[in-house]
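**Q** Quick one: the structure is below, and I'll ask about it shortly.
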Amino acid sequence: MRGPDYFRHKIQELELIAPPEKANFYREYTEFILNRMKDIYFIDSEDKAQQVNAFFANPERAIAKLREDRTLTLPLITVSIDDIDEDLDRRRNDNSLEISTVWDKKSQRALRVISKTAKPINLSFSINIWAKYVEDINQILENVIKLFNPSLDFTTSQTTRTKAFVDQITDNSVVSVADKEDRVIRKMIVITAEAYLSYPKYLITSTGEIEKFNNEVIIEEN
């Protein structure tokens with residue numbers, strides 16, 4: 001098998017000629033946390049389980065929607081992505097390479113793939129809970145917090161190992177909506193997902209060369 005320096009050089013060559021690709025990294029993480037929020041329920045005043053409406057919006061936009069759209073029913077949850085930072089504590093040598101084995105179901109054989117070591121980053125999200133009544137918002141807050149025990153594990157097309165933790169919970173009440181008598185209680189949960197930004201994978205061929213790898217053939221990793 002060829003040495004690491006050879007593969008690093010070949011990967012650099014392939015990166016220079018590779019066409020641009022659409023990145024779904026941030027979209028996948030946002031969709032994951034948003035979908036988890038759509039599974040949150042609370043018990044209303046008639047002892048009936050009600051699903052909480054959830055959508056993507058920063059707090060300012062959410063307030064605008066509450067003021068403009070009188071059909072929105074409280075309580076509801078909004079999710080926004082706030083910040084992206086490199087995690088210096090988890091940062092590794094930039095010359096490192098990752099070699100793994102995947103199973104190609106079509107050819108019924110194991111394949112070796114190689115890539116640059118994934119870059120560790122922290123994604124910060126805000127989960128805002130909006131309600132008219134303290135009892136409702138406390139129920140929803142409790143159900144959201146239960147998802148983090150102590151972390152919430154994200155699942156995306158690239159990984160199942162990203163862990164998200166609660167950083168802080170703040171009370172941001174009271175927000176005036178349509179008039180002075182119509183007010184909204186708001187609590188915000190800030191979470192951080194300890195993610196890894198993956199690089200493209202390359203197939204190590206039987207001759208020891210590498211070529212761009214089609215991720216669709218991945219069935220399982222060893």
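**Q** Output the residue which, of all residues in region 130-168 that are touching a residue at least 40 places away in the same chain (Cβ under 8 Å), under 30 Å from residue 120 (Cβ atoms) and part of a strand (DSSP E or B), is farthest from the chain's Cα centre (by Cα).
**A** 167
**Q** Mind counting the residues in region 127-168 that are open to solvent by 20 Å² or more (accessible area, probe 1.4 Å) and within 19 Å of residue 57 (Cβ to Cβ)?
**A** Residues flagged as open to solvent by 20 Å² or more (accessible area, probe 1.4 Å) and within 19 Å of residue 57 (Cβ to Cβ) within region 127-168 amount to 2.
**Q** Working only within region 8-30, note down all residues that are open to solvent by 70 Å² or more (accessible area, probe 1.4 Å), closer than 30 Å to residue 191 by Cβ and not charged (D, E, K, R).
**A** Listed by number, the residues that qualify are 23, 26.
**Q** Would you tally the residues in region 92-106 being of a type in the set (S, T, N, Q) and under 17 Å from residue 212 (Cβ atoms)?
**A** The total comes to 1.
**Q** Sort out which residues of region 66-87 are modelled with pLDDT of 85 or more, open to solvent by 40 Å² or more (accessible area, probe 1.4 Å) and farther than 18 Å from residue 42 by Cβ, and write them in order of number.
**A** Those that are modelled with pLDDT of 85 or more, open to solvent by 40 Å² or more (accessible area, probe 1.4 Å) and farther than 18 Å from residue 42 by Cβ: 81, 82, 83, 84, 85, 86.
**Q** Suppose the filter is in a strand (DSSP E or B), open to solvent by 20 Å² or more (accessible area, probe 1.4 Å) and at pLDDT below 90; does residue 99 pass it?
**A** yes
The values are calculated or read from the model by the stated rules, or taken from the named source; none is laboratory data. From a predicted model like this one, the values you see are computed outputs, not experimental measurements. Backbone-built Cβ (ideal geometry, glycine too); neighbour counts: all protein chains shown. Each accessible area value is taken on the protein alone, full model and side chains, heavy atoms only, with ligands, DNA and RNA left out. Shrake-Rupley method; radii C 1.70, N 1.55, O 1.52, S 1.80 Å.
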